[in-house]
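Since the structure comes first, as structure tokens, the remarks are kept for the end.
The values are calculated or read from the model by the stated rules, or taken from the named source; none is laboratory data. The model shown is predicted, which means the values in this text are computed figures rather than measured ones. Virtual Cβ from ideal backbone geometry, glycine too; neighbours counted across all protein chains shown. Each accessible area value is taken on the protein alone, full model and side chains, heavy atoms only, with ligands, DNA and RNA left out. Shrake-Rupley method; radii C 1.70, N 1.55, O 1.52, S 1.80 Å.
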Amino acid sequence: MSSLVPLEQVQAEILAAVPNLSATEVALTDALGLVLVEDIFTAEPIPPFANTAMDGYAVRAADTESASLTSPVSLRVVDEVPAGHVATQTVGPSEAIRIMTGAPMPNGADAVVMVERTHSLDPETVAVEHPATRGDHVRLAGGDLAAGAEVFSLGTELTAAHIGVLASIGVTQIRVIPAPRVGVLSTGDELIAAGPLAPGQIRDSNRPMLLGLVRESGFVPVDLGQVGDDEDLIVDTLRPALLECDAILTSGGVSVGDYDFVKAALNRLGSLEWRQVAIKPAKPLAFGVISGTPIFGLPGNPVSSLVSYELFARPALRQMSGHPILHRPTVSARAEHDFTRRPDGKVHFVRVQVRWSESGYVVASSGEQASNVLSATARANGLARIPDGNGVTAGDSVPVVLWRA
Ligand code: AMP
Ligand code: MG
């Protein structure tokens, strides 16, 4: 029986062993969630021209100095300019141009009066009820980004807002680290993919779940199917997958049972570390890098498989794809009930429901915690970390890894 290895040590060993994926160029519209490998500068200013932030009238502020509700200033309306068009007239003394949000500032004007602060006297005359100050409601050229400015730096994880900014400066192709292609293989004689169950059989839940976790993480899932407890078959399935995928997840067959063929198969393909991690659930883990492809031999119990993916595979895959932040956020939450446990040399990860309350985050168990009971894990939105010992008491503060809001 090998000894228990601390979680952080196993995580560090894995992060030190996984390779970095090579950069590639993708269409901007395919770059969501990927990480930039170049600094981005803008050749153009954003906004590209001075324009109005409001619907109203472009004016010369000096003309409106004496305006008030009781004594409005009348200006002659010489033109009208919607967004996407350019005024054909200049704003001269005591003149105004009707202007819509986003339209370029006409020459001669230095402020915009909101339409709500005017009333129309006739189609050619507007009464301004408040004085304008130079620059009122004018969005200056380059006010967001000056021409030549650095927009984003290498290592930025691209959100939808980043994509929007990049589109605004005319980027259509971009250099990023691609999302890793992650193969998922289920192993076990007892598993079937679909249909009625024969005695002793269960349905394969890990493969759809792990494919889902891979997709949810922003990676590309590759379904490697399901094989029985047969060392040769496992080897034959994994060999081509090692070439096709950037990483592989297997489930089952890594415990200390007599039918743990994944361990044996992986040892035939390359050198593999087999760990008993000091955590519950997800104690057994096989890990190795074979022909440059990391393989995570996750445990078969569905809850263990999921927790193992979260703690080991997801951070490693994020590092491979250049993400600056590897782990999910941890918040401090107040326990709504006792979380009892006994000392056993392990950190316990309890599936929980965490929610925001007036006094901050509060946390409660999401239900039955056995490692085969996936339904309670499906109801969880976080993982509470209960250190070795006798547990925590209601009201205590508990660190919780947030999966979802
Ligand atoms: P193992 O790690 O192969 O010893 O499996 C541990 C437990 O997880 C056993 O009860 C298996 O039946 C179950 N199990 C293994 N693989 C899967 C799977 N893909 N879907 C659902 N349960 C599984
Ligand atoms: Mg098995």
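Couple of notes before you dig in:
- Any hit, segment 395-405, residues being surrounded by fewer than 21 Cβ atoms within 10 Å (Cβ to Cβ), in a loop (DSSP other than H, G, I, E, B) and among the aromatic types (Phe, Trp, Tyr): yes
- Odd one out for Ala127, checked against (1) within 16 Å of Ala50 (Cα to Cα); (2) open to solvent by less than 70 Å² (accessible area, probe 1.4 Å); (3) out of contact with any Gly (no Cβ under 7 Å at 6 or more places or on another chain): (1)
- In segment 195-214, the residues that are in a loop (DSSP other than H, G, I, E, B) and more than 32 Å from the chain's Cα centre (by Cα): Gly195, Pro196, Leu197, Ala198, Pro199, Gly200, Gln201
- Which listed residue is in contact with a strand residue (DSSP E or B) (Cβ under 6 Å, 6 or more places away or on another chain), in a loop (DSSP other than H, G, I, E, B) and surrounded by 12 or more Cβ atoms within 10 Å (Cβ to Cβ), from Ala384, Ala380: Ala380
- Strands (runs of 3 or more DSSP E) contained entirely in segment 232-298, each with at least 1 residues that are under 18 Å from Glu13 (Cα atoms), among the aromatic types (Phe, Trp, Tyr) and in contact with a Lys or Arg (Cβ under 8 Å, 6 or more places away or on another chain): 273-276, 284-290
- Of all residues in segment 180-190, at least one satisfies being near ligand 1 (Cβ under 10 Å from one of its atoms) and without any contact (Cβ under 8 Å) to a residue 40 or more places away in the chain.
- None of Lys346, Lys280 is touching a strand residue (DSSP E or B) at 6+ places or on another chain (Cβ under 6 Å), closer than 30 Å to Arg181 by Cα and basic (Lys, Arg) except Lys280.
- Filtered by the rule that a residue be in contact with an Asp or Glu (Cβ under 8 Å, 6 or more places away or on another chain), of a type in the set (A, V, I, L, M) and within 11 Å of ligand 1 (Cβ to nearest atom), segment 191-214 gives Leu191, Ile192, Ala193, Ile202.
- Subset of segment 219-266 (residues that are open to solvent by 40 Å² or more (accessible area, probe 1.4 Å), more than 12 Å from ligand 2 (Cβ to nearest atom) and closer than 14 Å to Gly188 by Cβ): Glu231, Leu233
- Any hit, segment 360-376, residues being loosely packed, with under 13 Cβ neighbours inside 10 Å, without any contact (Cβ under 8 Å) to a residue 40 or more places away in the chain and away from ligand 1 (no atom under 16 Å from the Cβ): yes
- Residue satisfying all of: in segment 267-299; among the aliphatic types (A, V, I, L, M) and more than 16 Å from ligand 1 (Cβ to nearest atom); most open to solvent (accessible area, probe 1.4 Å) among these: Val289
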